[in-house]
């Protein structure tokens, strides 16, 4: 198999592993920006379609205002020494069928809001993703650029750094 196809296959396997982690661990932290200040809050993935994550909020919340002013956002999920961080641009163009599905399949939303159309929904198409697994030795840190298909190894600590070993 040519090296480029091997690289592509490896990229796909690692991306699938990271996406499956997101699919099974939906609670995390959403990062936005308010002026020059980073803002974090607990958030939950409401739906996932491939490399797109869907979320719901209210027009009355700061997160909505922040994402309207600057759509750049990151979402981080962590469990059992594994983390996945996704970055992209929030997009509030979510179709009605997805909005209804999200509302109908989330008990918390139905508890807090009287109907699906009293909320705002946004999606985060993942542009970049980091997968970090501290369980094996050496740890795994892969950075993915979904636009280019590039994958690279990230820094996991001095003990495992090629620079440190030279």
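Once you have the Cα-Cα distance between residue 145 and residue 111, take 0.36 nm times their residue separation minus that, and quote the gain in nm to one decimal. The partial results should precede the final answer.
Values: separation 34, 0.36 × 34 = 12.24 nm, distance 3.74 nm.
Length gained, residue 145 through residue 111: 8.5 nm.
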Euclidean distance of C-alpha centroids, region 99-147 and region 19-85, integer Å:
6 Å
If one computes P(r) from the Cα atoms of the chain, what percent of pairs lie at distances over 28 Å?
29 percent
If the chain between residue 60 and residue 127 were fully extended at 0.36 nm per residue, the gain over the current Cα-Cα distance would be 21.4 nm
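Compute the whole-percent fraction of alpha carbon pairs in region 52-102 spaced more than 11 Å apart. Intermediate values should be presented prior to the final figure.
Values: 956 of 1275 pairs.
It works out to 75 percent of all Cα pairs.
Between rounded, prolate and oblate, where does region 67-126 land on the alpha carbon gyration tensor, with a ≥ b ≥ c its root eigenvalues, rounded for a/c under 1.5, else prolate if a/b exceeds b/c?
Working: a/c = 2.39, a/b = 1.37, b/c = 1.75.
Judged from the Cα gyration tensor, region 67-126 comes out oblate (a/c at least 1.5, b/c at or above a/b).
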Highest mean first, what order results for 63-74, 86-97, 107-118 on Cβ atoms within 10 Å?
63-74, 86-97, 107-118
Could you estimate the translational diffusion coefficient of region 94-134 from the Stokes-Einstein equation, with Rh from the Kirkwood formula over C-alpha pairs, at 37 °C and 0.692 mPa s, in whole µm²/s?
270 µm²/s
Mean residue ellipticity at 222 nm from the helices of the chain, using -39,500 (n - 2.57) per DSSP H segment of n ≥ 4 over the full residue count, to the nearest 500 deg cm²/dmol?
-8500 deg cm²/dmol
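Once you have the Cα-Cα distance between residue 42 and residue 101, take 0.36 nm times their residue separation minus that, and quote the gain in nm to one decimal.
Working: separation 59, 0.36 × 59 = 21.24 nm, distance 2.14 nm.
Contour length minus the Cα-Cα distance gives 19.1 nm.
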Quick one: angle between helix 3-24 and the longest Cα principal axis of the chain, in degrees between 0 and 90, rounded to 10, please.
40 degrees
Choice from 155, 75, 54 with maximal GNM fluctuation in the chain (Cα, 10 Å cutoff):
155
Candidates 45, 140, 15, ranked by Gaussian network fluctuation over the chain, Cα under 10 Å, top entry:
140
What percent does the relative contact order of the chain come to when contacts are Cα pairs within less than 8 Å and at least six residues apart?
19 percent
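Values quoted throughout were computed directly from the atomic coordinates according to the rules given, and no laboratory measurement underlies them. Values in this document were obtained by computation on a predicted structure and should not be read as measured data. Note that we place each Cβ from the backbone using ideal geometry, even for glycine, and neighbour counts take in every protein chain shown.
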